[in-house]
Structures are given as C-alpha cells and as structure tokens.
Amino acid sequence: MTPQTITAAAAGTWTLGDLAVNRIGFGAMRLPQTGEALVADAVPRDRDQAIGVLRRAVELGVNHIDTAAFYFSPLRSANELINQALAPYPDDLVITTKVGPGRDPSGAWLPTATPEQLRGQVEENLRQLGRDHLDVVNLRIGGTAPLAERFGALAELRDAGLIRHLGISNVTPAHLAEARAIAPVVCVQNPYGIGVRPDQDAFVRSCGEQGVAFVPFYAIAATGREAGAADGDHPEILAVARAHGVGPTQVRIAWTLHRGPHVLAIPGTGNPDHLASNVSAGALRLSEDELARLDSVHRQGF
C-alpha cells in the first residue's frame, strides 16, 4: 500500500468530548510560511499550495485540524487559509484552536492575555474561520499568569455556546487537575516526542487514565521546535525506518501514536508529498522490540 492510498482512518479514532476524530490530524502552524514558523520576517507560503495541502488533507481523511489566530506570516493567516480552503466545512471536521498568546500585526509577541482579552481572541478566531462556534479551544499557559481565572473565562464562553469543548496547553498535571475542577477538559497539548520531554511519560499515561486526549507538538521537529526537524536523526530511528522502508519522520509519528489510544498526532507541513507520508504513518505498526529500542532513545533525551 502506497502512502497516497493510506488515509487518516488507519490510525484509529478518539473522541474529544462528543467529537470523533482520526488520530492523525494536521497542524497548521507551518502553513502560512516557509522556513521557521512564528517569526516576524517569515516568508509567506504560496497561497495555492497551502490551500491545496489543506484540501488534500481532508481528502486523505484528516478531520482534526489544529490552528491559532497567531499562526500567521506577512500576507498569510492559517485560519483564513483554512476558511478559504475548506468552507463550507465538512460535518465531521473538528477545528481546534488556542488562545492565551497573541501577536501584533508586525508579528511581535504580546503579553499573555487577560481574561477580558481572551474573549476577543475567541471572537477573532471565529471571525477568521467564519464560524459561529469553536469546536475545541485550548488555553495555552505561559509565564506566571494564573490558570483558574482565565480558564474560568473560557468556561463562561463555553456555557454561552461560543465554544464546544475546552483543552489546555503547555501545562503540568497540577494545571490539569485545577482546570478539571472548573470545567471538563478534553485534551492536553504539550511538547513531546522521541527524545523530547521524557519527563512527560507519566503525565501522558495519566491523561489516558482520565480519558483526556494528549496531543503532542514538536513530535517531529523535536528540539528544532519552530525551526523544524534537523537534517540528521538518531541512528536507532534511522535503523527502524530502513526496516520498514519509510522515513524517520514516519517512525517518530508512529512511535507517538503507540504511546496510547488517547494520543493524537498533529504533524504539519506545507508540502503535499510530506502530507501523504505523515498520514501514512498512522498505518505503521512497530514491533515490541522496535518500541523498546526507540523508548531507550527517548529516555536518553538526545
């Protein structure tokens, strides 16, 4: 089976609240630009290419797209590209966004949003996406800003019908417990992948035990973060990739999915060939021996 014929359904499904999604989704952070993401001088990506990738993702069965209003470059906004490419939206498409951080029109980062400013961020996401409600909104925690007051503000917007479900991002187990005491939490988004934050292993398992999806970011980029994946990779990852006739990116995605049925992958790309390869990783089954070898690499935190 070639990557072009494998759909996101091969990875299985998970339910975010009452919204069923395939476990292979799509992250929109890299969509507005080429090269490093979330920098003020990013080079805008070709609009037709970006729109084509989004439409192809849906054709390949992706029904979970992760985005944010602060995902933009000069001339390009991820939300508006999603709107242009996919509206009117398929009934099964779940769009997850996040609030908390913000960027001014020049691309410079703004201070963490206050509870009052969070409503404005929610409304901006609604406007850009052309929707009357948001499926899932993650509150991204940063600095010393308290969680309870801001998460409570989002819970009020959920009660008002502007938001369907809530999640949290860049958090600790204590944050999750605090948030769940205020309103239901359907997902946690934290940096995680082979060699990335092995200290998160117990938290990943705990989320599954609580019925909360764990959605890792930088699972492919690893320590490259916004700059993307490095050219080289660990020899053990390369060896597993060769054994399956795939690339190391697919091994990284597959390993992530093997961490539990509640783990959702959101690899992002602006390249249609990379998109097909990423989706095909949902069909890659790793042996117990391969998982043990990759786990050993992970624990090294290389």
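Before moving on, here are some points about what is shown:
- Length gained on full extension, Asp92 to Ala148, computed as 0.36 nm times the residue gap minus the Cα-Cα distance: 17.0 nm.
- Annotation: amide H of Val263 within the under-5 Å range of Phe214, sequence separation 5 or more or interchain, hydrogens built in the peptide plane.
- Charge tally in the Cβ shell below 14 Å around Asn22, where Lys, Arg are +1 and Asp, Glu are -1, Asn22 excluded: -2
- Virtual spin-label span in nm between Asp273 and Thr5, 7 Å along Cα→Cβ: 2.1 nm
- Signed unit charges on C-beta, dipole axis of segment 1-67, positive-most listed residue Ile24, Ile6, Thr34: Ile6
- Amide H contacts of Gln33 (H built 1.01 Å from N, under 5 Å, at least 5 apart or other chain): Arg45
- Mean Cβ neighbour count within 10 Å, used as a protection proxy, ranking 109-116, 169-176 highest first: 169-176, 109-116
- Here segment 23-134 carries DSSP beta bridges of which approximately 50% are antiparallel, counting only pairs with both residues inside.
- A Förster radius of 41 Å combined with the Cβ-Cβ distance from Ala292 to Trp109 puts the calculated FRET efficiency at roughly 0.50.
- Phi-derived couplings, Karplus 6.51 cos²θ - 1.76 cosθ + 1.60 at θ = phi - 60°, listed residue by residue for segment 127-139: 5, 5, 7, x, 10, 9, 7, 10, 5, 9, 10, 9, 8 Hz, with x used for Gly and Pro.
- Each residue, Arg55 and Asp199, gets one label point 7 Å from its Cα in the Cβ direction; the gap between the two is 4.6 nm.
- Stretchable slack from His244 to Glu209, in nm (0.36 nm times residue separation minus alpha-carbon distance): 9.5 nm
- DSSP-defined beta bridges in segment 100-217 - what % are antiparallel, rounded to 5: 10 percent
- Förster-model FRET efficiency, 41 Å R0, Val39 and Ala177, C-beta, rounded to 0.05: 0.75
- Cα gyration tensor, segment 1-126 - rounded (a/c under 1.5), prolate or oblate: oblate
- When you count the other C-beta atoms within 10 angstrom of each residue and take the mean per peptide, 73-80, 36-43, 283-290 line up highest first as 73-80, 36-43, 283-290.
- Counting DSSP beta bridges with both ends in the chain, the antiparallel % (nearest 5): 30 percent
- Placed amide H near Asn63: partners under 5 Å, 5+ positions off or other chain: Asn22
- Farthest positive-ward along segment 62-152 dipole, Cα basis, beta-carbon charges - from Leu134, Ile65, Gly102: Gly102
Every number here is computed from the coordinates shown, using simple stated rules; none is lab data. Keep in mind the model is a prediction, meaning the values are calculated, not measured. Positions of Cβ are backbone-derived with ideal geometry, glycine not excepted, and every protein chain shown enters the neighbour counts.
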